[in-house]
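Report on one structure; see the data block that follows.
The values are calculated or read from the model by the stated rules, or taken from the named source; none is laboratory data. For clarity, every value in this text was computed on a predicted model and none was experimentally measured. Heads up, the Cβs are rebuilt from the backbone with ideal geometry, glycines too, and the neighbour counts pull from every protein chain shown.
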Amino acid sequence: MSRWAESVRESSAAPDEAEVGRIFREESGHSVARLIRVFGDIDVAEDAVQDAFAIALRKWPREGLPPNPGGWITTTARNRGIDRLRRESRGRELLGELAVLSSDADDRGEPEEDVPVHDDRLRLIFTCCHPALSREAQVALTLRLLGGLSTEEVARSFLVAEPTMAKRLVRAKRKIKAARIPYRAPADHELPDRLPPVLAVVYLTYNAGLTSTAEPSLCAEAIRLARILVTLMPDEPEVHGLLALLLLTDSRRASRTRPDGSLVLLAEQDRSRWERASIEEGQAIVRRCLRRDQPGPYQLQAAINAVHADAARFDETDWSQILALYDQLLALAPTPVVSLNRAIAIGEVQGPAAALELVDELDLEGYYPFHATRADLLQRLGRPSEAATEYERAAARAPTVGERDFLRRGGRAARRTVLRQTGV
Amino acid sequence: MTKYLLSTHTVEDEAREPRTMEEMQELGRRLASIEREMKSTGAWGFSGRLHEPDTATVVRVTDGEVLTTDGPFAESKEHLAGFYIIEAEDLDAALGWASKVTAAINAPIEVRPFAGFTDEPMG
């Protein structure tokens with residue numbers, strides 16, 4: 001509500017097109033979710049909200065924002081949806097089944113007094129992230145339906161051609177309909193299986209944003225989605241953990257790359273450029289998680305990032321606390337990637353030799369941070385020629401130009417050390 | 001309600017420990033019990049186990065002539081081995097049955113909706 005009040009004030013009476021677009025992105029998830037329940041069909045709901053958007057683009061800049069834009073969108077979209085269905089014979093059948101539903105008056109554009117037991121967006125997120133759908137389908141559906149991004153925006157964010165993305169969405173929606181993936185929030189006992197893909201989709205969206213320059217920023221979208229999840233599932237500690245992790249990671253986003261796109265290591269980042277507001281919000285969530293004491297992988301990763309954020313300089317980092325958190329994380333999520341990160345913490349607490357011993361046991365041949373870590377440890381151990389080889393291996397596997405450039409620089413530095421040592 | 005095909009597949013040349021007599025009996029008991037449960041809840045439509053794929057015959061029309069060939073249709077190494085046809089409220093319910101069967105037979109199961117039974121709105 002307060003967001004609305006603000007946007008009404010900020011934008012005066014008449015929003016421009018960009019502002020209408022922004023409001024729709026904010027609100028369309030709500031409307032789409034509600035209308036899928038009303039119409040029982042994703043395409044009908046999507047088209048109806050799209051129609052409402054077209055009307056708003058004509059009306060709002062002329063007449064100003066309605067008092068409750070979210071309610072206006074849902075009501076307008078529902079009326080347009082019903083109009084559309086009346087024109088088709090199949091639609092008329094569907095409408096017959098919906099006669100009862102269309103008479104309820106809970107979204108006539110007035111603020112809602114009675115909060116529904118389940119926000120429809122909760123149903124929507126669990127349908128979009130159903131385990132019977134591929135991860136890429138889950139991500140695309142979530143950004144399109146819940147996030148309100150256009151197909152073109154989703155395609156651009158993932159560097160996929162628009163027709164390819166459109167096909168992916170069509171296929172996913174066809175499967176939802178044909179296989180009858182239910183439109184409901186899972187019961188409590190189902191959550192341990194059903195929540196992880198939801199969190200993974202948001203996390204993956206954030207990470208895709210780190211290497212994508214497309215607008216709207218996927219990082220911001222992921223944080224927005226994480227905030228929605230917190231509203232929808234306030235009792236799930238991992239949902240809070242995810243939001244905290246994204247906020248704390250995001251506080252460093254501006255300082256993790258140079259203007260030319262190359263990476264800046266945590267040790268070399270200008271910490272004065274870290275965003276204080278995100279850090280404070282993230283750390284406050286981490287503290288609440290600690291009090292709740294139901295740790296999970298996202299909360300622990302958030303806590304690790306909170307410790308980094310606490311250090312004013314890299315050499316003030318409390319590595320023993322970070323190592324303790326990695327020990328806990330490894331117990332919950334015993335993956336090679338967690339082991340690698342834990343080994344890096346060991347490197348800071350016990351030195352590079354102990355770390356290298358652990359790293360060498362891992363099977364992460366195709367994962368470039370594995371080679372980058374080995375390269376760094378070898379360099380610190382005074383074995384520059386092996387380090388140079390590892391930097392090259394890491395660079396060959398790095399996904400972005402920025403990361404490749406960074407690693408090649410490391411390789412050149414290592415080779416210079418070799419030259420100095422051999423006295424050439 | 002939607003009808004689903006739950007199908008299991010054999011993979012040719014797949015090295016697999018032959019089941020002992022006791023294991024076969026145990027498997028039979030578990031499958032019978034799942035089938036009873038399917039029937040008592042109204043989910044069961046039909047089920048069956050098939051003979052080896054080399055017992056199959058393919059019939060096709062080429063240039064107006066009916067031709068029969070010996071052997072299975074697909075030239076893959078995987079062949080349909082058995083199936084259930086069930087009716088379920090939604091995919092979650094169908095996946096629930098599939099999990100029970102897969103746990104009993106210790107092999108993957110494909111769950112696929114029948115066309116023409118899904119014209120109701122999502123619920």
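Assorted remarks:
- Which numbered condition residue A:420 fails, given (1) modelled with pLDDT under 85; (2) under 28 Å from the mean Cα position of the chain (by Cα); (3) charged (D, E, K, R): (2)
- Those residues of region A:188-212 which are in a helix (DSSP H, G or I), among the polar types (S, T, N, Q) and touching a residue at least 40 places away in the same chain (Cβ under 8 Å), in sequence order: A:205
- Screening the candidates A:290, A:323 for the property of being over 22 Å from the mean Cα position of the chain (by Cα), among the aliphatic types (A, V, I, L, M) and over 15 Å from residue A:238 (Cα atoms) yields one hit, A:323.
- Of all residues in region A:163-187, those being small (Gly, Ala, Ser) and in a loop (DSSP other than H, G, I, E, B) number 3.
- Exclusive hit being modelled with pLDDT of 95 or more, touching a helix residue (DSSP H, G or I) at 6+ places or on another chain (Cβ under 9 Å) and of a type in the set (Gly, Ala, Ser), set B:81, B:115, B:88: B:88
- Evaluating residue A:355 against the criteria (1) farther than 26 Å from residue A:261 by Cβ; (2) under 30 Å from the mean Cα position of the chain (by Cα); (3) among the small types (Gly, Ala, Ser) leaves one unmet condition, (2).
- Scan of region A:361-380 for residues that are buried (at least 18 other Cβ atoms within 10 Å of the Cβ) and basic (Lys, Arg), ordered by number: A:374
- Residues that are in a helix (DSSP H, G or I) and in contact (Cβ under 8 Å) with a residue 60 or more places away in the chain, drawn from region A:382-424: A:401, A:402, A:403, A:405, A:406, A:409
- Unique residue being in contact (Cβ under 8 Å) with a residue 60 or more places away in the chain and either within 28 Å of residue A:175 (Cα to Cα) or outside any loop (DSSP other than H, G, I, E, B) (or both) when the list is A:78, A:62, A:25: A:25
- For region A:302-323, a residue qualifies if it is surrounded by 13 or more Cβ atoms within 10 Å (Cβ to Cβ), among the small types (Gly, Ala, Ser) and in a loop (DSSP other than H, G, I, E, B), and exactly one does: A:311.
- Residues in region A:131-162 that are farther than 23 Å from residue A:24 by Cα and without any contact (Cβ under 8 Å) to a residue 60 or more places away in the chain: A:132, A:133, A:134, A:136, A:159, A:160, A:161.
- Positions within region A:138-165 being within 14 Å of chain B (Cβ to nearest Cβ) and over 25 Å from residue A:18 (Cβ atoms), in sequence order: A:141
- Flag for residue A:232 being away from chain B (no Cβ under 14 Å), in contact (Cβ under 8 Å) with a residue 24 or more places away in the chain, closer than 30 Å to residue A:19 by Cβ and surrounded by 19 or more Cβ atoms within 10 Å (Cβ to Cβ): yes
- Members of region A:32-59 found to be outside any helix (DSSP H, G or I) and of a type in the set (D, E, K, R), listed by number: A:41
- Residue list for region B:31-74, filter: more than 19 Å from the chain's Cα centre (by Cα) and loosely packed, with under 10 Cβ neighbours inside 10 Å: B:40, B:59, B:61, B:62, B:63, B:64, B:65, B:66, B:68, B:70
- Given (1) touching a helix residue (DSSP H, G or I) at 6+ places or on another chain (Cβ under 9 Å); (2) on the phi < 0 side of the Ramachandran plot, index of the condition residue A:351 fails: (2)
- Of note, residue A:170 satisfies the criterion of being free of Cβ contacts under 8 Å to residues at least 40 places away in the same chain and closer than 21 Å to residue A:155 by Cα.
- Inside region B:1-30, residues that are surrounded by 13 or more Cβ atoms within 10 Å (Cβ to Cβ) and of a type in the set (S, T, N, Q) make up a count of 4.
- The condition of being of a type in the set (D, E, K, R), within 14 Å of chain B (Cβ to nearest Cβ) and surrounded by 23 or more Cβ atoms within 10 Å (Cβ to Cβ) holds for only one of A:184, A:180, A:194, that being A:180.
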